[in-house]
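J.: Dumping the structure here so I can ask a few things about it.
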Amino acid sequence: MSNHPQPKRTRWQAIKMAATFVVPYHRQVFYSLLALFFTAAITLSIGQGIRLLIDQGFATQSKDLLTQYVAVFLLLVIALAVGTFTRYYWVTWLGERVIADIRRQVFNHLIHLHPGFFEQNRSLEIQSRLTADMTLLQSVIGSSISFALRNFIMMVGGIIWLFITNAKLTAIVIICVPLVVTPILIFGRRVRGLSRQSQDAIATVGAYVGEVLGQIKTVQAYNHQAIDQRNFHDQVEEAFAVAKRRITQRALLVTVVIMLVLGAVGLMLWVGGIDVIEGRISGGELAAFVFYSVIVGSAVASISEVIGELQRAAGAAERTMELLQAPNQIQSPAQPDVLSTVSGTIDIEHLCFAYPSRPDVLAINDLSLHIRAGETLALVGPSGAGKSTLFDLLLRFFDCQSGAIKLEGMDIRQLDLFALRQCFALVSQNPALFYGSIRDNLRYARPEASDATVEAAAKAAYAHEFISELPQGYQTLLGDAGLGLSGGQKQRLAIARAILADAPILLLDEATSALDSQSEFWVQQALQQLMAHRTTLVIAHRLATVTSADRIAVLDHGRLQALGTHAELMQSCPLYSQLAALQFQLT
């Protein structure tokens, strides 16, 4: 997602794409336009009402005629109020509805995008696009476009009535139109570029706030507040500086337009006043002409002001459509192979992989490994050996550059993504918990699971006891990322969730790393039962997990260094014996 101004064609493509979301609501658009034209026609009719009021009501000295024209004027006002209500309701409804649709479609697209996309784009900046940009688009669709269209109709209708009322005076107004349009074009181009920069700066500020507040304990533990305050101050000031330049350009635009328009009205009043004095036109005609001149002038000024909003909206639409058009590099094939039964046999053949952000560094380097159905394979090795990366590839969060991973003899790239991931239950080193109740978090993999099934899984993970001691038990609400629970409690909830998933293959990424010795003992017992009839891959440094595995694969820099049992590797693999010796010392 580029932060630089895009070509005009790209911007209009984004606007056209955003406009497609309005198409399904053509009936509401029709209602809005009908009310829009109705209110514009009523407003323009008021000018004729003023002319009649002055020429027929005041000039004739007739009370009856005056009463009649005042009554007509009041009827016009009532009609205008009803039309304005209708226009406001449908236009605002349309803005809210369309933005809800866009927001939903963007989220639906994002949630299926490959994790590599979020490695290259900050999640918090994306979040800002879903909020700040959407709010701007909502304002434009639900207000500014209607406002601009209404003023355009008023401008055209006003110019027509000006010609009908007095062609000579109209010529004065028309001469000034190019003088008004020119600054709109000049300043508008500058505003457009600054609008995009302003939105990007705001998104950066939002992302920084989210990042700092999301890691508030680390920030405060290292007394980093002063530095974060300075950084935030700099980012806010940078955003303000861009906004100030944009505001200056828009203010200059509006100022120039108002001076030119009202200057033309003043000139017209002088010429028209002379014509009234000399009897060439009536006072009512001049009053109507002034009314229409003011309408045309204010409409032009309003349009010039709205253009700035529309240009900002064009930037917001472009940024939003960028998200919708972001390609998903990990997808199910058009005609996927079907897994009939999954015993848990995995074949890794000459696997090579480098992360998109580090294309020159192989995280997995020519790895070949056969994992038998039902066996427990431990993956050990120093940090950066490629253990967690292998899990990412098994789950198809990324695709390898060469080689293949086969499940039951089928290349996982030929399988349906949902069917593939249903074969795995993942317990990560840092368990992911979501805002909501404990019960909802446990049901994450199986939303339809009964309360009894949920509790059975919690008991198997030795989590039931501490859950029962919480004030609301299973209905206890967790903070963001499980805030309020200890590391061991979070880990046991994650294990219970994996038990509930009941998948044929378990992926345990240092699943007991956050547990104290007593908790680890009980969870190990639960895991032994869970692993009994399942293929299990365990990333672990804990000796207890390593020694109980059927086989141990030693990885280093993405390569398989050795494969065997604990006893075999202690004799044959220096790297493994060194790691084991360190663990003995630590334990």
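The values are calculated or read from the model by the stated rules, or taken from the named source; none is laboratory data. Given the structure is predicted, the values throughout are model-derived calculations rather than measurements. Glycine gets a Cβ as well: all are built from the backbone with ideal geometry, and neighbour counts include every protein chain shown.
J.: For segment 75-132, give me each residue that is over 25 Å from E318 (Cβ atoms) and hydroxyl-bearing (S, T, Y).
T.: Those that are over 25 Å from E318 (Cβ atoms) and hydroxyl-bearing (S, T, Y): T84, T86, Y88, Y89.
J.: Would segment 330-346 turn up any residue that is more than 24 Å from the chain's Cα centre (by Cα) and assigned to a strand (DSSP E or B)?
T.: Yes, the conditions are met somewhere in segment 330-346.
J.: Further question: Suppose we filter R129, R87 for residues that are closer than 19 Å to D200 by Cβ, surrounded by 18 or more Cβ atoms within 10 Å (Cβ to Cβ) and not hydrophobic (A, V, I, L, M, F, W, C); which single one remains?
T.: Working: R87 fails: closer than 19 Å to D200 by Cβ.
Among R129, R87, only R129 is closer than 19 Å to D200 by Cβ, surrounded by 18 or more Cβ atoms within 10 Å (Cβ to Cβ) and not hydrophobic (A, V, I, L, M, F, W, C).
J.: In addition: List pairs: first in segment 250-264 and crowded, with 22+ Cβ neighbours inside 10 Å, second of a type in the set (F, W, Y) and not in a helix (DSSP H, G or I), Cβ under 6 Å, 6+ apart or cross-chain?
T.: none
J.: Going by the structure shown, is L286 in contact with a Gly (Cβ under 6 Å, 6 or more places away or on another chain) and farther than 20 Å from R312 by Cα?
T.: Details: in contact with a Gly (Cβ under 6 Å, 6 or more places away or on another chain): yes; farther than 20 Å from R312 by Cα: yes.
Spelling it out, L286 is indeed in contact with a Gly (Cβ under 6 Å, 6 or more places away or on another chain) and farther than 20 Å from R312 by Cα.
J.: Is it the case that some residue within segment 312-319 is among the basic types (K, R) and surrounded by 12 or more Cβ atoms within 10 Å (Cβ to Cβ)?
T.: To start, the set of residues in segment 312-319 that are among the basic types (K, R) comprises 312, 319.
Now drop any that are not surrounded by 12 or more Cβ atoms within 10 Å (Cβ to Cβ), which leaves 312, 319.
Yes, there is a match, as at least one residue in segment 312-319 is among the basic types (K, R) and surrounded by 12 or more Cβ atoms within 10 Å (Cβ to Cβ).
J.: Among the numbered criteria (1) over 28 Å from the mean Cα position of the chain (by Cα); (2) under 30 Å from L252 (Cα atoms); (3) surrounded by fewer than 21 Cβ atoms within 10 Å (Cβ to Cβ), which one does S402 miss?
T.: Condition not satisfied by S402: (2).
J.: Test T320 against the criterion of being at pLDDT below 90 and in contact with a strand residue (DSSP E or B) (Cβ under 6 Å, 6 or more places away or on another chain), and give yes or no. Working first, answer last.
T.: Values: at pLDDT below 90: yes; in contact with a strand residue (DSSP E or B) (Cβ under 6 Å, 6 or more places away or on another chain): no.
Spelling it out, it is not the case that T320 is at pLDDT below 90 and in contact with a strand residue (DSSP E or B) (Cβ under 6 Å, 6 or more places away or on another chain).
J.: Would you mind stating whether A288 is touching a residue at least 24 places away in the same chain (Cβ under 8 Å), under 28 Å from the mean Cα position of the chain (by Cα), crowded, with 17+ Cβ neighbours inside 10 Å and in a helix (DSSP H, G or I)? Can you show your working first?
T.: Details: touching a residue at least 24 places away in the same chain (Cβ under 8 Å): yes; under 28 Å from the mean Cα position of the chain (by Cα): no; crowded, with 17+ Cβ neighbours inside 10 Å: yes; in a helix (DSSP H, G or I): yes.
When the stated conditions are applied, A288 does not pass them.
J.: Residues that are modelled with pLDDT of 85 or more: list the helices (runs of 4 or more DSSP H) wholly contained in segment 32-141 that include at least 1 such residues.
T.: Details: elements: 63-110, 115-120, 123-128, 134-139.
Counting at least 1 such residues, we get 63-110.
To keep it simple, each residue is scored yes or no on (1) in contact (Cβ under 8 Å) with a residue 12 or more places away in the chain; (2) of a type in the set (S, T, Y); (3) farther than 13 Å from P336 by Cβ; (4) not in a strand (DSSP E or B).
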position	(1), (2), (3), (4)
A378	yes, no, yes, no
P382	yes, no, yes, yes
A385	yes, no, yes, yes
S388	yes, yes, yes, yes
F391	yes, no, yes, yes
F398	yes, no, yes, yes
A419	yes, no, no, yes
A425	yes, no, yes, no
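J.: Here's another thing I want to ask about it. Would it be correct to say that T545 is polar (S, T, N, Q) and modelled with pLDDT of 90 or more? Quick ask: steps written out before the conclusion?
T.: Values: polar (S, T, N, Q): yes; modelled with pLDDT of 90 or more: no.
In short, no.
J.: Do we find a residue being modelled with pLDDT of 85 or more, of a type in the set (S, T, N, Q), in a helix (DSSP H, G or I) and under 29 Å from the mean Cα position of the chain (by Cα) anywhere in segment 453-470?
T.: To start, the set of residues in segment 453-470 that are modelled with pLDDT of 85 or more comprises 453-459, 463-470.
From what's left, of a type in the set (S, T, N, Q): 453, 468.
Next cut, in a helix (DSSP H, G or I) only: 453, 468.
This time we only want the ones that are under 29 Å from the mean Cα position of the chain (by Cα), so: none.
Taking every residue of segment 453-470 in turn, none turns out to be modelled with pLDDT of 85 or more, of a type in the set (S, T, N, Q), in a helix (DSSP H, G or I) and under 29 Å from the mean Cα position of the chain (by Cα).
J.: Additional query: Mind counting the residues in segment 327-358 that are modelled with pLDDT of 85 or more, among the small types (G, A, S) and within 30 Å of Q13 (Cβ to Cβ)?
T.: 2
J.: Continuing with this model, one more query. Name the single residue, out of those in segment 278-316 being within 23 Å of R246 (Cα to Cα) and either hydroxyl-bearing (S, T, Y) or touching an Asp or Glu at 6+ places or on another chain (Cβ under 8 Å) (or both), that is modelled with the lowest pLDDT. Walk me through how you get there before you give the answer.
T.: Initial filter on segment 278-316 (within 23 Å of R246 (Cα to Cα)): 298-316.
Filter once more, so that each one left must be either hydroxyl-bearing (S, T, Y) or touching an Asp or Glu at 6+ places or on another chain (Cβ under 8 Å) (or both): 298, 302, 304, 316.
On the way: S298: 77, S302: 76, S304: 68, A316: 76.
Step by step, filter segment 278-316, then rank; the result is S304.
J.: Going by the structure shown, is G279 in the same structural domain as Q249 (by TED's automatic domain parsing), assigned to a loop (DSSP other than H, G, I, E, B) and not aromatic (F, W, Y)? Talk me through it step by step, then tell me what you get.
T.: Working: in the same structural domain as Q249 (by TED's automatic domain parsing): yes; assigned to a loop (DSSP other than H, G, I, E, B): yes; not aromatic (F, W, Y): yes.
So G279 passes the test.
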